[in-house]
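Accompanying notes for the structure given below.
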Amino acid sequence: MPGIKDLRNKVTVITGAGSGIGRLTALAFARKGADLVISDLNEERLAEVAKEIQALGARVLTYKLDVSKREEMEEFAKFVIRERGHVDILHNNAGVSVGGTVADSSIENWEWIFKINFWGVLYGIKAFLPYMIERRYGHIVITASLFGLVGIPGTPAYNCTKYAVAGLGETLRVEVRKYNIGVSTICPSWMKTRIAVDGRMQLGTNAMVNRDNVVKAYEKYAWPPEWAAKAVIKAVRRDKSIVPVGPDAWFLWFTKRFSQTIYDAMMSLGSRILLGK
């Protein structure tokens, strides 16, 4: 699969496009002349993004979607095929966060995040992949995370979902290559999006962080989400596999692969700083 070099008029489906990485990726594809079909659970945000896309001169359709519901995803795929005839690029981007250690976080929050971050991605792939296989053409993008490459303390539920979709992406990439379909897994570090605001958090009393501090830290120190959008475009054009985004993402991923001892020491230090233990 050589990648999709020319994005003009390519039917590009993006979930979680109402804000953050999804929104900016939709705008990036629009600037390249793609034909957008964007979805989100928040219709107001979705409508605003659609206006931005139209202002760039690109075509766009919107669809209210809860990715955690398989039936809705299947209906969404049928909608896209009915309205556009096919799909060229699928970006499984919708995701949420849960902060809290294994001991502190509730089973309900684990179930909630897996329904969206893992099952939502798998539902999307299963709904759209048959159409791509039939045409023997396409590209699938999965928004994973740096947290799907390294085990950051204090976010085990989030880590597990992102490890799961990163593994899914690597496996799928090998399986669908024979159909001329590419698969890219994008692994951003912390980006300046709404993920901390919209997420859930359960931390023990000894933790040195709380929701307000995390939100403020994202606003002040997180990397520009435009970096992730740019990485998605490059990944589709060059058929890249695992794509860390951000200098810390590359550094931590390399460190883990280079020295388990150094990596363990860094994670232990991070645990003491973040969790007070």
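Among the trypsin sites (Lys or Arg not before Pro) in the range 43-107, those placed in a DSSP loop whose Cβ has at most 16 other Cβ atoms within 10 Å are ARG59, LYS69. PHE118 sits among other residues whose Cβ lies under 13 Å from its own Cβ, and their net charge, with Lys and Arg +1 and Asp and Glu -1, is +3. Would you mind checking LYS32/LYS256; LYS64/LYS256; LYS51/LYS115; LYS51/LYS178; LYS78/LYS256 for any pair whose Cα atoms are more than 32 angstrom apart? Checking Cα-Cα distances, LYS32/LYS256; LYS64/LYS256; LYS51/LYS178; LYS78/LYS256 exceed 32 Å. Could you state the number of Å between the C-alpha centres of the range 12-40 and the range 126-193? Result: 17 Å between the Cα centres. Under a 5 Å amide H cut-off, with hydrogens placed 1.01 Å from N, GLY182 pairs with GLY138, HIS139, ILE140 among residues at least 5 apart or on other chains.
With the simple model of a label 7 Å out from the Cα in the direction of the Cβ, LYS69 to THR255 spans 4.3 nm. Excluding ligands, DNA and RNA, the accessible surface per residue across the range 23-62 is 47 Å² with a 1.4 Å probe. Here the accessible area of the range 72-179 is 57 percent carbon and sulfur, with a 1.4 angstrom probe and all protein chains present. Residues whose amide H comes within less than 5 Å of that of ASP35, counting only those at least five positions distant or on another chain, are ASN9, LYS10, VAL11, THR12 (H built at 1.01 Å from N in the peptide plane).
Just to verify a number: FRET efficiency for GLU44 and ALA103, C-beta to C-beta distance, R0 = 45 Å, to 0.05? The pair GLU44/ALA103 has a calculated efficiency of 0.75.
The share of C-alpha pairs in the range 19-131 whose separation exceeds 23 Å stands at 32 percent. Segment GLU134..ASP248, full-extension length gain: 37.1 nm, with 0.36 nm per residue of separation and the alpha-carbon distance subtracted.
The values are calculated or read from the model by the stated rules, or taken from the named source; none is laboratory data. Small disclaimer: the values here were computed from a predicted structure and weren't measured. Note: ideal-geometry Cβ built from the backbone for every residue, glycine included; neighbour counts use all protein chains shown. Note: areas computed on protein heavy atoms with side chains; ligands, DNA, RNA excluded. Shrake-Rupley method; radii C 1.70, N 1.55, O 1.52, S 1.80 Å.
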